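Just below is one structure, and these are the notes that go with it.
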Amino acid sequence: MNSLGTDATGRPSRRVRVFIGEEHELVRQGLSDLLEDQGCEVVGGSGSAVEASREVAHLRPDVVILDHRLADGTGPEVCRTIRSIDPGIRCVMLTSFDDEAAVRSTILAGACGYLLKEVGNDRLIRGVRRAAVGETLLAPGTINRARERLSWMLSDRPALFTPVEGQVASGIIAGMSNREIGASWACPTPSSPVWCPPSWPPSTTHRILHLEPFHRSSIPGTPSSAGAKCM
């Protein structure tokens, strides 16, 4: 699915189809009511990472709003799964975590935006509409800085990564989806016996996106959380 076209006012040319991944049912219902009142079509919602990934694969919404923490996983992990299903589906993180680590994991997951839950209704609706037409809600330069920092970790502190984690991290740095990373691994042949892991456990992606030393401010090239806020 590709981003929507725009009308003469710059808004999406049709109703934006939204899926809500939020652990708390009351919050999920409140978001649904707000979005519907503003002309969006809420096609589904779930508080489970596994269920959200499965339903998004079936429903193919334009935008997925994800809480950073879900009952059985995290928003960034779901975002990477969704990008493997359909890179055209846009993910926006809506969370109460106002910290550097949450911003970086959001960026490396491939989400196009990051908004705090206390954001005003108007800004939330504008963010969803902007995401639907292919715009990014992240401040300029934050994506490259997050990838550069992970690259520094990979080259300067390789002992932090297993061989599989190192290959997955390299793919994330290159902006690849999980599916693209798996496809890029060369399979062994008689003339080229290259090790080829067929897949990796979900904990691998989780550890890379949320690697604690990666989020320490002592690492060179660390952008401040203020510089990573959404536009």
When Met153, Met93 are arranged by how many other beta-carbons sit within 10 Å of their Cβ, fewest first, they go Met153, Met93
Projected label distance in nm at Arg54 and Leu26, using a 7 Å step from Cα toward the beta-carbon: 2.8 nm
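How would the stretch 34-74 be classified by its alpha-carbon gyration tensor: rounded, prolate or oblate, with rounded meaning a/c under 1.5 and the a/b versus b/c comparison settling the rest?
Working: a/c = 2.71, a/b = 1.56, b/c = 1.73.
The shape class here is oblate.
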For a paramagnetic label modelled at 7 Å from the Cα of Arg179 toward its Cβ, which residues of the stretch 110-136 fall within the zone defined by backbone nitrogen distances under 19 Å? 110-112
Using each residue's phi in the stretch 15-22, evaluate 6.51 cos²θ - 1.76 cosθ + 1.60 at θ = phi - 60° and report the 3J(HN,Hα) Karplus result to the nearest Hz, with x for Gly and Pro. 4, 7, 8, 10, 10, 10, x, 9
Considering only the other residues whose Cβ falls under 12 Å of the Cβ of Val50, what net charge follows from Lys and Arg at +1 and Asp and Glu at -1? -3
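In terms of the Cα gyration tensor, with a ≥ b ≥ c the square roots of its eigenvalues, is the stretch 1-156 rounded because a/c is under 1.5, prolate because a/b exceeds b/c, or oblate?
Values: a/c = 1.56, a/b = 1.31, b/c = 1.20.
It comes out prolate by the Cα gyration axes.
A short reminder: the numbers here are calculations on the coordinates, not readings from a lab. Note that this is a predicted model, so its numbers are computed, not measured. Positions of Cβ are generated from backbone atoms using ideal geometry, with glycine treated the same way; all protein chains shown enter the neighbour counts.
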